[in-house]
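Everything on this sheet refers to the single structure shown next.
The values are calculated or read from the model by the stated rules, or taken from the named source; none is laboratory data. Here the structure is a predicted model, which is why all the values come from computation and not from measurement. Here the Cβ positions follow ideal geometry from the backbone for every residue, glycine too, while neighbour counts run over all protein chains shown. Just so you know, the surface numbers come from the protein's heavy atoms only, side chains and all, with ligands and any DNA or RNA stripped out. Shrake-Rupley method; radii C 1.70, N 1.55, O 1.52, S 1.80 Å.
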Amino acid sequence: MLSCRRSLLSQTITRKTKNKPKNKTNVKTHKNVSRTRDFIPKNMHLEDNEEVGFNLKSSAPSHSHGVQPLGNLYFNPGAINSRNIGLGNLQILSDELVLEILGLLEGTQLGVLATVSKSFYVFTSHEPLWRNLVLDNLKGRFFYNRSWKVTCISTFHPSFDVSRSARSSGLRVRDFYSDYLFQSWLCANLEMKPEWLERDNIIRKRGISVDDFLTNFEEPNKPVLLEGCLDNWDALGKWDRDYLLNLCGDAQFAVGPVKMRLDDYFSYADQVKEERPLYLFDPKFAEKIPTLGSEYDVPVYFREDLFSVLGNRRPDYRWIIIGPAGSGSSFHIDPNSTSAWNAVIRGSKKWILFPPDVVPPGVHPSPDGAEVACPVSIIEWFMNFYDATKDWKKRPIECICKAGEVIFVPNGWWHLVINLEESVAITQNYVSRTISGERLIRMLATEVEMRRNLLNVLDFLKKPNASELVSGTTDRINLYENFRNAIEASFPGTIDGLRLKAKQKKMSFWDSVTDSKVGAFKFSF
């Protein structure tokens, strides 16, 4: 079991065990470009008699090669970091750069390099290297077997005795210190702290009318958790593992960059312990298995969708989502300036949402919005930044969404989601609309709802770099023209009318009292 001394620069890590004393592990990571700059929260101070920190999962193994955080080196004066000895002249390179170089090699080359030194053995055993080899070369045609390294070897070299390899894979290297390698293991094996789950400040509603939802949540662009609107779904009672496996058979679903059969994915999910578990997120599930599409209904609050005017040309808009505990989505804004709803059918999810004008801490979007730099894993964000949000004037909206509940995510809101247990969910993105009747008259009078949704989406699709921002369609360049033309055909004059109203609303006092044609004042008191 990995045992680390207390460090003034580290956190206390506690492993939960039954009838055994708690073991403490200290953690600190250095600054690097691919992870957050300060792995240990700045506002955390430890006293000698404090029992604070993080809990390891009860099933968490010790680091398979005995890698320790770099801070421990300073409490072992006689030790020399074997990382540096084994790398030779390459020791001047950062751990990330070493792994970037190793990522250019094939599996056989990694195996040969592992025999050069104990240091190279540890680096070449880094699981993400083997994960990339499997995903890049097999495209989902694999059966996960205990680890990515074993999976790769057993697939490409079936004659090799992987059981012998598994027995030797526990080789422990003495005095090997690396923040980067230790942190990757740590994030894969930490439990969610209770205080990360306590805050629940979202508005919850049950049985509200559509008009109440539109007036109080969609129009003001506010999140809400809706209870009871899945009670009539067949999926809620049926979609357990056995049912899904029997129904889906050999159908393949999108899992990260590959496609997998559901039985292979569940086998992977049962075994894996990694920092970023693969997430089943498939936009064509209803086409592949029509029964899945027939066993849920869009909640009444979200049935009006302007993108539906595009018919089969519309961007991807609905997904089935399946993932083990720890899987999820780091901070992002939903595609194409749409709003979304997410319904949990099995399991539970922790949500954190920030309004459009508040960029979450640790998240750095590019000026054009095409890219977002954020921590490598969701757990890493919680460890580094979650506590800081407690003191913010604009605190995030948080909740745990359980089976049978639906969360409404307004357009433009940043959100992070992590599965607290194995979960199955349905989500859809949409652009709200009103076709006719009293609500159309009222909406055109106030322009709030449709202007926010329709004009925002049109402006988004028309951006100069829209081809980089638009997602879920193969025709990114023409999506704006296609969508605008379809709206004009279905709702003639709507776009021009809304733009005129939006322009009038933005006029200053002097603009409003000045006749633009003759330059004279036109007071109307």
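Working only within the stretch 79-96, note down all residues that are closer than 11 Å to Ser178 by Cα and exposed (fewer than 14 other Cβ atoms within 10 Å of the Cβ).
Passing the criteria: only Glu96.
For Val134, indicate whether it is at pLDDT 95 or above and surrounded by 14 or more Cβ atoms within 10 Å (Cβ to Cβ).
No; evaluated as a whole, the condition is false for this residue.
For the stretch 97-131: of the residues being part of a helix (DSSP H, G or I) and hydroxyl-bearing (Ser, Thr, Tyr), which is most open to solvent (accessible area, probe 1.4 Å)?
Thr108
Can you report the number of residues in the stretch 267-293 which are open to solvent by 70 Å² or more (accessible area, probe 1.4 Å) and out of contact with any helix residue (DSSP H, G or I) (no Cβ under 9 Å at 6 or more places or on another chain)?
Matching residues across the stretch 267-293 total 4.
Could you list, in sequence order, the residues of the stretch 64-78 that are open to solvent by less than 40 Å² (accessible area, probe 1.4 Å) and hydrophobic (A, V, I, L, M, F, W, C)?
Matches in the stretch 64-78: Val67, Leu73.
For every residue, the table says whether it meets (1) in contact with a strand residue (DSSP E or B) (Cβ under 6 Å, 6 or more places away or on another chain); (2) farther than 24 Å from Pro396 by Cβ; (3) crowded, with 18+ Cβ neighbours inside 10 Å.
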position	(1), (2), (3)
Glu195	no, no, no
Asp200	yes, no, no
Asp211	no, yes, no
Glu218	no, no, yes
Lys222	no, no, no
Asp231	no, yes, no
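Of a type outside the set (Lys, Arg), open to solvent by 60 Å² or more (accessible area, probe 1.4 Å) and in the same structural domain as Gly347 (by the TED database): is that true of Asp264 in this structure?
No, not satisfied.
For the stretch 280-313, give me each residue that is within 24 Å of the chain's Cα centre (by Cα), of a type in the set (A, V, I, L, M) and not in a helix (DSSP H, G or I).
Across the stretch 280-313, the qualifying residues are Leu280, Val298.
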